[in-house]
1. Along the charge dipole of segment 8-156, Cβ charges K/R +1 and D/E -1, which of Tyr65, Ser95, Ile38 sits furthest on the positive end?
2. Once you place label points 7 Å from the Cα toward the Cβ at Ala56 and Ser141, how far apart are they in nm?
3. Do you know the Lys pair count in the chain for C-alpha distances under 19 Å, with sequence separation 8 or more or different chains?
4. With the radius of gyration and the Kirkwood radius both derived from the Cα set of segment 2-162, what is their ratio Rg to Rh?
5. Which of Thr26, His121, Gln237 sits farthest toward the positive end of the charge dipole of the chain, with +1 on the Cβ of Lys and Arg and -1 on the Cβ of Asp and Glu?
6. What do you get for chymotrypsin sites (Phe, Trp or Tyr not before Pro) in segment 43-76 restricted to DSSP loop and a cutoff of at most 15 other Cβ within 10 Å of the site's Cβ?
7. Can you work out the base-10 log of I(q)/I(0) for segment 181-243 at q = 0.22, 0.28 1/Å, using the Debye formula on its C-alpha atoms alone?
8. Let me check I've understood the local charge: for Leu111, count other residues with C-beta under 11 angstrom from its C-beta, Lys and Arg +1, Asp and Glu -1. What total comes out?
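Read-outs: derived from the displayed coordinates by stated rules, not from any lab. Model, not experiment: these values are computed from the prediction. All Cβ positions, glycine included, derive from the backbone under ideal geometry; neighbour counts span all protein chains shown.
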Amino acid sequence: MSSVVSKFHDAADSPEAWPDALKALTDAAEVAGAALIILNKSTGNVDEVCFSGLSAEFESDYLRYYAAVDPYSPLLDESWKTLSECLPDQLLRKSEWYNDFVLACGVRDILGARLVDTSNHCVIIGIHQQIGRGFSDRADSTLGLVAVPLKDAARRYIEPFASSRTGIFDESLTGVLAEGRRFYFHVDNKSRYPDETGSVFSTPDEARAHAFVIARELGQDESWHGSFILVTDDRGQEIASVRVGR
């Protein structure tokens, strides 16, 4: 799982690393593909996508036509929801997007969420399961374990969109930067896995609380038991050390 986390750290630094990060995620979650969608809330259009796996060859088709008739993405919020939960079979059977795009890609179901939501843009991700298969518990556990670096990478991805289109950063992004400090959550498992991106929190106490969340998520995988989440501030000072597992 550490290799997947590392891939999302790479994606946070460079958008060109997103295809490899999505590929690592799909392999770890035992699914057949994934899609990252950047939606411009001001225009209602999709600014950019990154597809991996079954749908990778259909990026241009989605941008050209199917994004406008996608009934699923607008329904997503911060919680993970499957396509089959959001839309009834009766509607899907009549959906041009589902029949001519989703099924044509070889996808049966999608598990998606809204990773980042600002006043101008939102980032949506979906992992795809192929026809004839369902999502396993492995998918849920993987998404939980990579939640923090995944969201951080998505947040970094839309920063250029905000600055290039408005001349300034999106209000919600600048508000976060102004009101909080960046903290880093390194994983120490004999080998050290540094967090080079960090996350913004208002206080050290909030950062410490977040470290317990990460430890609980990693604790779902026994191979991480005995590791520590080392929390440092933006000056490199350690403010907490949280053990994973027993």
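1. Ser95
2. Using points 7 Å along Cα→Cβ, the separation is 2.6 nm.
3. Details: Lys7/Lys23; Lys7/Lys151; Lys23/Lys151; Lys41/Lys151; Lys81/Lys151.
Final tally of qualifying lysine pairs is 5.
4. Numbers: Rg = 14.5 Å, Rh = 15.6 Å.
So for segment 2-162, dividing Rg by the Kirkwood Rh gives 0.93.
5. Gln237
6. Details: sites: Phe51, Phe58, Tyr62, Tyr65, Tyr66, Tyr72; in loops: Tyr65, Tyr72.
For chymotrypsin sites (Phe, Trp or Tyr not before Pro) across segment 43-76 that sit outside H, G, I, E and B with at most 15 neighbouring Cβ atoms in 10 Å, the list reads Tyr65.
7. Log10 I(q)/I(0), no solvent term: -0.82, -1.24.
8. Values: positive: Lys81; negative: Glu85, Asp109, Asp140.
That works out to -2.
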